[in-house]
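Report on the structure given below.
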Amino acid sequence: MKATDFSLDVFNLDGKVAIITGASKGLGQAFALALSKAGAHVFVVTHNNDWEETKALLDQAKGTAHFYQADLSNRKEITAVVDECVRVFGTVDILVNNAGTIARSPLLESTEEAWDKVMAVNLDAVYFLSQEAAKVMAIQKSGKIINVASLLSFQGGKFVPAYTASKHAVAGLTKAFANELSEHSIQTNAIAPGYVKTANTAAIRADEQRNAEILSRIPSGRWAEPVDLMGTVVFLASGASNYVNGHVLAVDGGWLAR
């Protein structure tokens, strides 16, 4: 495409099919709504069938959506996610690996079970779901895989060693997938959210001392709202990012710059 041919239509996702995991609330819900508003058919995956709020938002946006319950710690169910999406919509163009979990405890008190659960959802599911989606994308010679990393893809954190390890690994997988899948015209990138106002961060925001510590390091001076990341997912899912590959994009209000 020549520079003179450029238009904002490059962000248009009309007719594209997107799988979004962990989309019953928070960032996953925002990602599903953003992609739907950009024109994509969205295949919404939740751990439980608690998708009423997301469904209402997508209905208001007049988007085409299908809802599916899956336990992403079960590898057989991961394969079924892609199969069902292809059955319903005919293909997969975009995969957003958003589902995740966290276990907070000091290292000396952490359990084997907590480690295994975090790794199964945060890392194994990303690998196997991407592998299954990429098989479809490789046939059609196009696709976008968008992983959700974290500030703890760059830092160590505290009291969350399993989460930190998984998110470092997600950053590594993003680069490894980019290297292998580029020949099939598939781009793989990741979003590393900063501190976002979601149900998962309510306890931290309620802790006045911890909240003040966090805000003091964010140059933007505020927590992110889910809407702050909606444009990012559309960019990475669209033709506007066709030459962006293997990148971990921090949307953090400047946290890492500080």
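The values are calculated or read from the model by the stated rules, or taken from the named source; none is laboratory data. All of these numbers come straight from a predicted model, not from anything done at the bench. Positions of Cβ are generated from backbone atoms using ideal geometry, with glycine treated the same way; all protein chains shown enter the neighbour counts.
Only one of 180, 113, 109 is closer than 21 Å to residue 236 by Cα, free of Cβ contacts under 8 Å to residues at least 60 places away in the same chain and surrounded by fewer than 22 Cβ atoms within 10 Å (Cβ to Cβ); which?
So the residue among 180, 113, 109 that is closer than 21 Å to residue 236 by Cα, free of Cβ contacts under 8 Å to residues at least 60 places away in the same chain and surrounded by fewer than 22 Cβ atoms within 10 Å (Cβ to Cβ) is 180.
Would it be correct to say that residue 82 is buried (at least 16 other Cβ atoms within 10 Å of the Cβ), at negative phi, assigned to a strand (DSSP E or B) and under 19 Å from the mean Cα position of the chain (by Cα)?
No.
Considering only segment 174-226, state which residues are polar (S, T, N, Q) and either part of a loop (DSSP other than H, G, I, E, B) or at pLDDT 95 or above (or both).
If the condition is that a residue be polar (S, T, N, Q) and either part of a loop (DSSP other than H, G, I, E, B) or at pLDDT 95 or above (or both), then 174, 179, 182, 185, 187, 188, 189, 198, 209, 211, 216, 220 are the ones that fit.
Please identify the pairs in which a residue from segment 1-21 that is modelled with pLDDT under 95 has its Cβ atom under 8 Å from the Cβ atom of a residue that is outside any loop (DSSP other than H, G, I, E, B) and surrounded by fewer than 16 Cβ atoms within 10 Å (Cβ to Cβ), counting only partners at least 6 apart or on another chain.
none
In a loop (DSSP other than H, G, I, E, B) and modelled with pLDDT under 95: does that describe residue 76? Before the answer, list the steps.
Values: in a loop (DSSP other than H, G, I, E, B): no; modelled with pLDDT under 95: yes.
Spelling it out, it is not the case that residue 76 is in a loop (DSSP other than H, G, I, E, B) and modelled with pLDDT under 95.
Out of curiosity, is residue 154 farther than 15 Å from residue 248 by Cβ, aromatic (Phe, Trp, Tyr) and at pLDDT 95 or above?
It is false that residue 154 is farther than 15 Å from residue 248 by Cβ, aromatic (Phe, Trp, Tyr) and at pLDDT 95 or above.
Looking only at segment 216-258, filter to residues that are charged (D, E, K, R) and surrounded by fewer than 17 Cβ atoms within 10 Å (Cβ to Cβ); which one of those is nearest to the chain's Cα centre (by Cα)?
225
Within segment 140-151, track down each residue that is touching a strand residue (DSSP E or B) at 6+ places or on another chain (Cβ under 9 Å) and surrounded by fewer than 21 Cβ atoms within 10 Å (Cβ to Cβ). Spell out the reasoning first.
Going residue by residue through segment 140-151, those that are touching a strand residue (DSSP E or B) at 6+ places or on another chain (Cβ under 9 Å) are 141-151.
Once the filter is applied, which keeps residues that are touching a strand residue (DSSP E or B) at 6+ places or on another chain (Cβ under 9 Å) and surrounded by fewer than 21 Cβ atoms within 10 Å (Cβ to Cβ), segment 140-151 yields 141, 142, 151.
Yes or no: segment 105-123 includes at least one residue that is touching a Pro at 6+ places or on another chain (Cβ under 6 Å), in a helix (DSSP H, G or I) and aliphatic (A, V, I, L, M). Talk me through it step by step, then tell me what you get.
Restricting attention to segment 105-123, the residues satisfying the condition of being touching a Pro at 6+ places or on another chain (Cβ under 6 Å) are 107.
Still in the list and also in a helix (DSSP H, G or I): 107.
Retained after the next criterion (residues that are aliphatic (A, V, I, L, M)): 107.
Within segment 105-123, one or more residues are touching a Pro at 6+ places or on another chain (Cβ under 6 Å), in a helix (DSSP H, G or I) and aliphatic (A, V, I, L, M).
Would you check if residue 10 is over 17 Å from the mean Cα position of the chain (by Cα), at negative phi and assigned to a helix (DSSP H, G or I)?
So residue 10 fits the description; yes.
Can you tell me which residue is farthest from residue 26 (Cα to Cα) among those in segment 227-258 that are charged (D, E, K, R) and assigned to a loop (DSSP other than H, G, I, E, B)?
The selected residue is 258.
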